[in-house]
Amino acid sequence: MRNHMHHQNRGVKSLASQAHTVLAFMHHLFGVRNRSATLFLAITLLIAGTALGDEGMWTFDNPPSKQMQERYGFTPTKEWLDHIRLASVRFNDGGSGSFVSPNGLILTNHHVAVGQLQKLSTAERDLVTLGFYAKNQAEELKCPDLELNVLESMEDITDRVRAVVKPGMNEADALKARQREIARIEKESLDQTGLRSNVVSLYHDGEFWLYRYKKYTDVRLVMAPERQAAYFGGDFDNFTYPRYDLDMAFLRAYENGKPANIPHYLKWNSKGAGEGELVFVSGHPGSTERLLTHVQLEFLRDVQYPMTLKMIDRRLQILREYGKQGPEQERRAQIDILRYENARKAYGGEYQGLLDEDLMARAKEQEDEFRARIASNPEWQKQFGDAWETIKQVTTARNKIAKQRFYRRLFTRSNLTNLATRLVFYVIETRKPDAERLDGYHESDLEALRFQLFSPAPIYPDLEEAIVAGMLQIAVDELGADDAFLKLLLDGRTPADTARQITRETRLTDPEVRKRLAEGGEEAIRKSNDPLIRLMLRLEPQLREDEEWYKDNIESTLSAASEKIAKARFAVFGKTAYPDATFTLRLSYGAVKGYPMNGTVAPYKTTLYGVFDRSESFDRKGDFELPARFWERRDKLDLSTPVNFVSTNDITGGNSGSPVINRNGEIVGVAFDGNIESLVGSFVYDETKNRAVSVHTGYIMEALRKLYDASELADEIEGKR
């Protein structure tokens, strides 16, 4: 299982984007461990700005055609790329998927759809545990707050964004000027096309692109297996291979109350891909940090990762303690527990990679070589040479406030406090001219923001109380009760008392209350006697001040320096590199291939024989227990059916649910994880052991027809009706 997140795709992420999701910090999910010899070569090529082997998460405007032709004898045509792009789907709450029928049917992972499954569940009907299948369209369940995006077009607007930065502007004013222009571009595009319009920063502000998306907000659940089938092996098998998961789910996009008419969808190939076959992954990787400087990697190693891991451990403790109160509490907490366990394993693996002294030393060595190359050209040195020292200085300043900034924001990491934060900022920001608003509150953002603010998804006050109390307590433990922000927040109360009051007395659990407050504007908010709204109004000036200081003193300088380094790479190597992941559509290529593992070799595929063997080996207990239907129908199954397979495709968190596609444009699998050897892929890729793990289309079809009595769904997928 891989985590996924939503990104605000701008050069600078505002308070709005930071508070947008409870899991916003968990965006690194893949990577590689300590393999010094291979990493030396990988880092060398990375810093040089070129890709190694099957490496790369490539934008559709700049596919690696030369590399694919040289390695696999295949060059994608424009028609092929357009078809794949328009068949690919972004889950705006994190993750990817693809259309697999002309009637709006979408395939993704169970763990991508599980948030909606949880929101559709009740104490009496636990869809996560029991699974779900709609035998006809009338039985399909509407998801409470799921937005899907399809990338309709891409436009390079770099020159327009840079043109507003005038000679003599300081860095803070330059950043504000760019942000105002970006807001104008997005609103202009929205007004002209009606499409979701996002300006995306690539190569760390080296380029700016306008991405326009067709949006679907009427999305309905069609089918999902039981949790035990989808997560077979649980956290023990997470980020491992061989693997045996049925990590799939089907949804359907609707327009005007009817299934959407989809001209671009992926035709199904149940035979899958053979060993050594070329395959592609088209999806939305959330975030990578492969183009960071050595100093920035040190910041992650010494500051960011230790804080994040400590917070994850505490969050898991809170959730587990809450879940022990009873079966219903266990149900409410189970998905967050799975997510945080996943994050703990992912972040822990990446952190171990950053602790590898040899890796870090070689990264520094190769950076020094690149800087020397810049210095050898007087013009390059004049334009770009000071960027690394600037980043060093701004990172030193960032170090000093990182702890305070991180722990103060833990308060917003619950559903209720996140909603309250966005609601208060919404009514204040929307009174301003569009270009002067904080990111996340521009006209182009508002429809999606309101969709989330007024979601009918259930909120459980007792769970919220436990989370808020726990997050506040860790903030007090780390910053001290005398921290100015915490003193303002707690107002002489304990974290537990504060959490109890605001979660038990607030009415923000009701979406109609939130809607009335939003529609009433700032006047309604300021007149409200809701304790959570009152608290957020008290905190809003401090949050805003902190955010504005950070932008003026950190982000603006970092953005300008990062842009210089991006330009330096372009000057030396041209556009032969791919940009870091930004939760935008990317294409990766690779081959279906096993790899050396634990003194032996991992096979390129697993089969149904292995599913039953693994369950039996653990006496059918715990995470290795299979749903009863597997045992009852075992004799009907073709046990040689491939279950999961691995390929050299370069993917990361956010790619979960991405289609795996052959050169004919047919879907042969759905990506859901990576192997344990790949846990530092946020920083570096290693083809020898880095593997994407996917569910085989043959297993999906075998399960639909023989395990779940879903022949009508299977017929739709295979084009038989």
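The values are calculated or read from the model by the stated rules, or taken from the named source; none is laboratory data. Just so it is clear, the model here is predicted, and its values are computed rather than measured. All Cβ positions, glycine included, derive from the backbone under ideal geometry; neighbour counts span all protein chains shown.
Ser287 - would you say it is assigned to a strand (DSSP E or B) and more than 21 Å from Ala710 (Cα to Cα)?
For Ser287, the condition - assigned to a strand (DSSP E or B) and more than 21 Å from Ala710 (Cα to Cα) - is not met.
Among (1) out of contact with any Lys or Arg (no Cβ under 7 Å at 6 or more places or on another chain); (2) surrounded by 20 or more Cβ atoms within 10 Å (Cβ to Cβ); (3) within 30 Å of Ile337 (Cα to Cα), where does Arg125 come up short?
(2)
Where in the stretch 65-177 are there helices (runs of 4 or more DSSP H), lying wholly inside it, with at least 2 residues that are farther than 24 Å from Asp54 by Cα and at pLDDT 95 or above?
Per the criteria, 110-120, 127-130, 158-163.
Based on this model, can you work out whether Leu637 counts as touching a Leu at 6+ places or on another chain (Cβ under 9 Å) and closer than 21 Å to Thr129 by Cα?
no
Check Gly274 against each of (1) buried (at least 21 other Cβ atoms within 10 Å of the Cβ); (2) part of a loop (DSSP other than H, G, I, E, B) and name the one condition it does not meet.
(1)
Among what's in the stretch 345-378 and is among the hydroxyl-bearing types (Ser, Thr, Tyr) and surrounded by 15 or more Cβ atoms within 10 Å (Cβ to Cβ), pick the residue that is nearest to the chain's Cα centre (by Cα).
By that ranking, first place goes to Tyr347.
Counting only residues that are in a helix (DSSP H, G or I), in contact (Cβ under 8 Å) with a residue 40 or more places away in the chain and of a type in the set (A, V, I, L, M, F, W, C), how many does the stretch 178-230 have?
5
Is it true that Lys382 is under 23 Å from Ala560 (Cβ atoms) and charged (D, E, K, R)?
Against the criterion (under 23 Å from Ala560 (Cβ atoms) and charged (D, E, K, R)), Lys382 qualifies.
Do we have any residue at all in the stretch 278-296 that's crowded, with 22+ Cβ neighbours inside 10 Å, closer than 25 Å to Ile565 by Cβ and in contact with a strand residue (DSSP E or B) (Cβ under 8 Å, 6 or more places away or on another chain)?
Among the residues of the stretch 278-296, at least one is crowded, with 22+ Cβ neighbours inside 10 Å, closer than 25 Å to Ile565 by Cβ and in contact with a strand residue (DSSP E or B) (Cβ under 8 Å, 6 or more places away or on another chain), which makes the answer yes.
Considering each of Arg398, Arg408, Arg422 in turn, give the residue that is under 26 Å from Met307 (Cβ atoms), part of a helix (DSSP H, G or I), in contact with a Leu (Cβ under 7 Å, 6 or more places away or on another chain) and basic (Lys, Arg).
Just a single option satisfies the conditions, and that option is Arg422.
Here are some residues: Glu548, Glu555. Which one is of a type outside the set (Phe, Trp, Tyr) and under 30 Å from Ile651 (Cβ atoms)?
Testing whether each residue is of a type outside the set (Phe, Trp, Tyr) and under 30 Å from Ile651 (Cβ atoms) leaves just Glu555.
Looking at (1) in a helix (DSSP H, G or I); (2) within 30 Å of Leu141 (Cα to Cα), which is the one condition that is false for Ile428?
(2)
Could you check the stretch 588-613 and list, in sequence order, the residues that are more than 30 Å from the chain's Cα centre (by Cα) and of a type in the set (Gly, Ala, Ser)?
If the condition is that a residue be more than 30 Å from the chain's Cα centre (by Cα) and of a type in the set (Gly, Ala, Ser), then Gly599, Gly610 are the ones that fit.
Right, Ala420: surrounded by 16 or more Cβ atoms within 10 Å (Cβ to Cβ), under 28 Å from Gln325 (Cα atoms) and either at pLDDT 95 or above or not small (Gly, Ala, Ser) (or both) or not?
yes
If you take the residues in the stretch 440-473 that are among the acidic types (Asp, Glu) and more than 19 Å from Asp510 (Cα to Cα), which one is surrounded by the most Cβ atoms within 10 Å (Cβ to Cβ)?
For the stretch 440-473, the residue satisfying everything is Asp445.
Under 6 Å between Cβ atoms, at least 6 apart or on separate chains: pull out the pairs that start in the stretch 236-262 with a residue that is within 17 Å of Ile700 (Cα to Cα) and touching a residue at least 40 places away in the same chain (Cβ under 8 Å) and end on any residue that is of a type in the set (Phe, Trp, Tyr) and in a loop (DSSP other than H, G, I, E, B).
Listed by first residue and then by second, the contacts come to Tyr244/Phe232; Asp245/Phe232.
When you look at Asp145, is it acidic (Asp, Glu), surrounded by fewer than 18 Cβ atoms within 10 Å (Cβ to Cβ), under 30 Å from Tyr265 (Cβ atoms) and in contact (Cβ under 8 Å) with a residue 60 or more places away in the chain, yes or no?
No.
Considering only residues that are more than 15 Å from Gly95 (Cα to Cα) and touching a strand residue (DSSP E or B) at 6+ places or on another chain (Cβ under 7 Å), which ones fall in the stretch 652-665?
Selection gives Ile661, Asn662, Arg663.
Looking at the stretch 175-194, which of its residues are surrounded by 19 or more Cβ atoms within 10 Å (Cβ to Cβ) and touching a Ser or Thr at 6+ places or on another chain (Cβ under 7 Å)?
Matches in the stretch 175-194: Leu175, Glu186, Ser189, Leu190.
Within the stretch 62-96, track down each residue that is under 18 Å from Ile667 (Cα atoms), in contact with a helix residue (DSSP H, G or I) (Cβ under 7 Å, 6 or more places away or on another chain) and crowded, with 24+ Cβ neighbours inside 10 Å.
If the condition is that a residue be under 18 Å from Ile667 (Cα atoms), in contact with a helix residue (DSSP H, G or I) (Cβ under 7 Å, 6 or more places away or on another chain) and crowded, with 24+ Cβ neighbours inside 10 Å, then Gly95 is the only one that fits.
Quick check, is Arg493 outside any helix (DSSP H, G or I) and more than 31 Å from the chain's Cα centre (by Cα)?
yes
Under the condition of being of a type outside the set (D, E, K, R) and out of contact with any helix residue (DSSP H, G or I) (no Cβ under 9 Å at 6 or more places or on another chain), which residue from the stretch 503-531 is farthest from Leu419 (Cα to Cα)?
This residue is Asn529.
Can you find, within the stretch 536-567, the residue that is surrounded by the most Cβ atoms within 10 Å (Cβ to Cβ) among those that are hydrophobic (A, V, I, L, M, F, W, C), over 13 Å from Asp205 (Cβ atoms) and in contact (Cβ under 8 Å) with a residue 40 or more places away in the chain?
Among them, the one singled out is Met536.
When residues of the stretch 604-624 are filtered for being hydroxyl-bearing (Ser, Thr, Tyr) and not in a helix (DSSP H, G or I), how many remain?
Of the residues in the stretch 604-624, 3 are hydroxyl-bearing (Ser, Thr, Tyr) and not in a helix (DSSP H, G or I).
Is one or more of the residues making up the stretch 569-590 in contact with a Gly (Cβ under 6 Å, 6 or more places away or on another chain), of a type in the set (Phe, Trp, Tyr) and either closer than 22 Å to Thr240 by Cβ or surrounded by fewer than 24 Cβ atoms within 10 Å (Cβ to Cβ) (or both)?
yes
Of all the residues that make up the stretch 452-511, how many are farther than 30 Å from Lys142 by Cα and aromatic (Phe, Trp, Tyr)?
1
Look at Val114 and say whether it is under 15 Å from Ile262 (Cβ atoms), β-branched (Val, Ile, Thr) and in contact (Cβ under 8 Å) with a residue 40 or more places away in the chain.
no
Condition first: part of a helix (DSSP H, G or I), under 30 Å from the mean Cα position of the chain (by Cα) and free of Cβ contacts under 8 Å to residues at least 40 places away in the same chain. Can you find one or more residues in the stretch 500-510 that meet it?
Within the stretch 500-510, not a single residue is part of a helix (DSSP H, G or I), under 30 Å from the mean Cα position of the chain (by Cα) and free of Cβ contacts under 8 Å to residues at least 40 places away in the same chain.
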